[in-house]
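The values are calculated or read from the model by the stated rules, or taken from the named source; none is laboratory data. Just so it is clear, the structure is predicted and the values come from calculations on it, not from any experiment. Positions of Cβ are backbone-derived with ideal geometry, glycine not excepted, and every protein chain shown enters the neighbour counts. For the accessible areas, the whole protein counts, side chains as well, though only heavy atoms, and no ligand, DNA or RNA atoms are used. Shrake-Rupley method; radii C 1.70, N 1.55, O 1.52, S 1.80 Å.
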Amino acid sequence: MNVTYEHKPAMTFIGFSASIRPEEGYQKCPEFWDREYAQKYARLWQTMRPETPVEAAILENGIGLFAICDEKDGSFEYWIAGLYKGGEVPEGLKLYTFPESDWAMFSAKGPLPGSLQALNTRVWQEWFPGEGQKYCGNGQAMLEVYSPGDMQSPGYECGIWVPICKPEEENEGQTAEIVSTMMITGIL
């Protein structure tokens, strides 16, 4: 499995979402893309001339180059998103911000949705129980990253990015050291 680690500043995304139960994710996420493509993208990609504020935001922010999976109680909010460049947030769209973080970044090649779903399974069944145990999740969401191009091509590239941070015991050790120093110096 191809994984790299990289630090990124805070990132804000703009998009629209649907609530999906985890056991239905591999079926409902592609259905959500198909439905939204038919409603928001099909005419726009043919003309490249936005007629509504939502269409303008899609083009200006690259909505569709990312997806966000944000865990909720018993479900997850699945976003079709783009990197927010500022400006108006049209009705029907909303913002999501990931904090500054380190990221575990995984990549795959192949037609969608199969290549991304297989990568997702491998991340959570192989990386997380092994290498992933060295880290804590930084929040409850992860990011799907899509490249431009033919999504049905064997060479199509996509990825999954998981925000991570140091494990709690390392953070607790650092906190204990700071508190000890503060007590010795009389600050506490």
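Quick check: at a probe of 1.4 Å, how many percent of the accessible area of the chain sits on carbon and sulfur atoms?
Details: 5870 of 10740 Å².
Within the chain, the accessible surface is 55 percent carbon and sulfur.
Expressed in nm to one decimal, what extension gain is obtained for the pair TYR26 and GLN125 from 0.36 nm per residue of sequence separation less their Cα-Cα distance?
Result for the pair: 34.1 nm of gain on full extension.
For THR12 and GLU77, calculate 0.36 nm times their separation in residues minus their Cα-Cα distance, and state this gained length in nm to one decimal.
Computed gain between THR12 and GLU77 is 21.8 nm.
Label points 7 Å out from Cα along the Cβ direction at LYS109 and ARG35: separation in nm?
So the label points at LYS109 and ARG35 sit 3.5 nm apart.
Once the Cβ-Cβ distance between THR52 and LYS166 is put in as r, and R0 is 45 Å, what FRET efficiency do you end up with, to the nearest 0.05?
Once the sixth-power term is evaluated, E becomes 0.50.
For GLY132, what charge total do you get from the other residues with a beta carbon under 14 Å from its beta carbon, if Lys and Arg give +1 and Asp and Glu give -1?
Around GLY132, the surrounding residues sum to 0.
Where does the charge balance sit around GLN27 when Lys and Arg score +1, Asp and Glu -1, over other residues with C-beta under 13 Å from its C-beta?
-1
Report, to the nearest 10°, how far helix 25-36 tilts away from the longest principal axis of the Cα atoms in the chain, using its own Cα long axis and a range of 0 to 90°.
50 degrees
Add +1 for every Lys or Arg and -1 for every Asp or Glu among the other residues with Cβ under 12 Å from the Cβ of PHE16, and state the total.
That sum, taken over residues with Cβ under 12 Å, equals 0.
Please determine, in degrees from 0 to 90 and to the nearest 10, the orientation of helix 168-184 with respect to the longest principal axis defined by the Cα atoms of the chain, where the helix direction is its Cα long axis.
40 degrees
Assuming 0.36 nm per residue, please report the length gained on full extension of the stretch GLN117 to CYS136 beyond their Cα-Cα distance.
Gain in length upon complete extension: 4.6 nm.
Accessible surface of CYS29 in the full protein assembly, 1.4 angstrom probe, to the nearest 10 Å²?
About 20 Å², rounded to the nearest 10.
Taking the Cα centre of the stretch 12-74 as the origin, how large is its charge dipole in debye, to the nearest 20, when only Lys and Arg (+1) and Asp and Glu (-1) carry charge on their Cβ atoms?
Using only the charged Cβ atoms, the result is roughly 240 debye.
Using the heavy atoms of the protein chains alone and a 1.4 angstrom probe, what is the accessible area of the chain per residue in square angstrom?
57 Å²
Can you bin the chain into rounded, prolate or oblate? Criterion: square roots of the alpha carbon gyration tensor eigenvalues sorted a ≥ b ≥ c, rounded for a/c under 1.5, prolate for a/b above b/c, oblate for the rest.
Judged from the Cα gyration tensor, the chain comes out prolate (a/c at least 1.5, a/b above b/c).
Given the options GLU88, GLU36, GLU157, state which has the largest fluctuation in a GNM of the chain using a 10 Å cut-off (strictly under) for Cα springs.
GLU88
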